[in-house]
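The values are calculated or read from the model by the stated rules, or taken from the named source; none is laboratory data. Since this is a predicted model, take the numbers as computed values, not measurements. Ideal geometry is used to build each Cβ from the backbone, glycine not excepted, and the neighbour counts take in all protein chains shown. Heavy atoms of the whole protein, side chains included, go into the accessibility calculation; ligands, DNA and RNA do not. Shrake-Rupley method; radii C 1.70, N 1.55, O 1.52, S 1.80 Å.
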Amino acid sequence: MAILVIVLFLLLIALGIPIAFSLGISSLIYLLVAGVPLTVIPQTMFAGIDSFVMLAIPAFILAGNLMNAGGITNRIIDFANAVVGRIRGGLALTNVASSLGFAGISGTALSDTASIGSVMIPAMKKQGYGSGFSAAVTSISSTVGPMLPPSLPMIIIGTLASISIGDLFLAGAIPGILLAIGFLIVTYIISVKRQYPKGEKQSLSTIGKTFLGAFWALLMVVIILWGILGGYFTPTEAAVVCVIYAFLVGKFVYRELNLKLVPSIIKNTLISTASILLLVGFANTFGWILVSEGVPLVIADGILSITENPIFVILLIILLLLVLGMFMETIAALVILFPVLLPVATSIGMDPIHFGVVMVLALMIGLSTPPVGVCLFVASSFAKVPITVTVRELLPFFAVAILVLLIVAYVPQLSLFLPGLFE
């Protein structure tokens, strides 16, 4: 029966049905065939989202939308461009650096791609960068965002496994920065090889001015970490504080937040939140079916039957996540797979926080891979190029991302060092 639900799910995805509905429909058919009461669906869906911490998701999304409407995106781009724009391929480097700064605002890779891509891709094409390269840089650099606070995938993991979300936020910082550095190096090498343009050198006063412009946005990350780690508020309360902060900064500091836009901002936030919670709910139902069929034990036994060597077990887990990340949306994959794979990881001595970081990083790579890479599709649509063109340009970035993933997986202290400082 477990094979039935999995095959149905994969078939529905192949037919182009959205992930959330693929999970729901395959679960419904399984329950009907198995004769299980359909009341399981609302019960498991509600259980999946019935968490105080989950309230942080709509609040962080709202805060990000308010900051975007308040002019934050352009200020982060201006600051990044002032710092690295004078280097060969400066605008492409600015794209990556902007994603690093924007990470503290959105918490999701897709919003990063949409916000920065809408500005940077047309600008890069205008300056002579290849359309596929512009899309590739935008798509892959957005995967840095969810590694840094506030990270919605980290919130999901903390909720699933009762792990400190503050520790998870800290744990992703060094891997996220390593990932960004790797992308900057690849971007620079390609830019030099193709002789992409470089901007003019900016004065210290200009850099300082652009920093002050971006300061209030970057301060948001400090507020989140200071509040959570200092015990002043929970992740959910931190998200609400960020909403208030984003509104005040956009309206009274940047003075670009139009109050007439607030209703549409709230509407977009509700739509995004509903889609995420629907996905989490159906994924929880699907996960309940897998657990009831004993799939987690089969997977665990299957991996450990091949080898019990920690080095190879980690490698097998990474391969599994990279493959599944190509077909599954990140949040759905986390809800379904994290409880399944965590016992395998802990059985070979991996810390749950370390494993959470590795899993998020592996799944982030899938956001830029076909056939379900949402960041890949969004960036390609902005650049107006076929997916295949963008994927070709992404190959060197994939190589660096996988290298960083392996380093993070086999060097636990990269993830555990910062959380250890606050114990």
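Annotations
- Simple spin-label estimate for T346 and T307 in nanometres, 7 Å along Cα-Cβ: 2.4
- Total lysine pairs whose alpha carbons fall under 28 Å of each other in the chain (8 or more apart, or interchain): 19
- Over the residues of the chain, the helix contribution to mean residue ellipticity at 222 nm works out to -25500 deg cm²/dmol, using -39500 (n - 2.57) for each DSSP H run of at least 4.
- Annotation for V36 and S203: the two label points, set 7 Å from Cα along the Cα-Cβ direction, are 6.8 nm apart.
- For region 378-393 and region 77-147, distance of Cα centres in Å: 15
- Calculated FRET efficiency, N74 to F422, Cβ-Cβ distance, R0 = 30 Å: about 0.30 to the nearest 0.05.
- Remark: the F211-L403 segment gains 65.9 nm on full extension, using 0.36 nm per residue and subtracting the alpha carbon distance.
- Label-point gap, in nm, between F233 and L319 - each point 7 angstrom along Cα→Cβ: 4.6
- Take the convex hull of the alpha carbons in region 231-375; its mean projected area over all directions comes to 11.7 nm².
- Contact order, relative form, for the chain: 26 percent (alpha carbon pairs under 8 Å, 6 or more residues apart, mean separation divided by residue count).
- Our analysis of region 1-137 gives Rg over Rh at 1.17, with the two radii drawn from alpha carbon positions and Rh computed by the Kirkwood formula.
- The chain: angle of helix 235-248 to the longest principal axis, Cα-based, in degrees nearest 10: 30
- If you wrap the chain in the convex hull of its Cα atoms and look at it from every side, the mean projected area works out to 20.3 nm².
- Highest-MSF residue in the chain out of D167, D351, D112 [GNM, Cα springs under 10 Å]: D351
- Of T236, V253, Q195, farthest towards positive along the dipole that unit charges on Lys, Arg, Asp, Glu beta carbons give region 183-271: Q195
- The magnitude of the dipole of the chain, with charges of +1 and -1 set on the Cβ of Lys/Arg and Asp/Glu and taken from the Cα centre, is near 1840 debye.
- Using the 1.4 Å probe convention, the accessible area of the chain works out to 42 Å² per residue with neighbouring protein chains retained.
- Scaled against the 2.2 N^0.38 Å expected of a compact globular protein of N residues, the Cα radius of gyration of region 125-213 reads 1.44.
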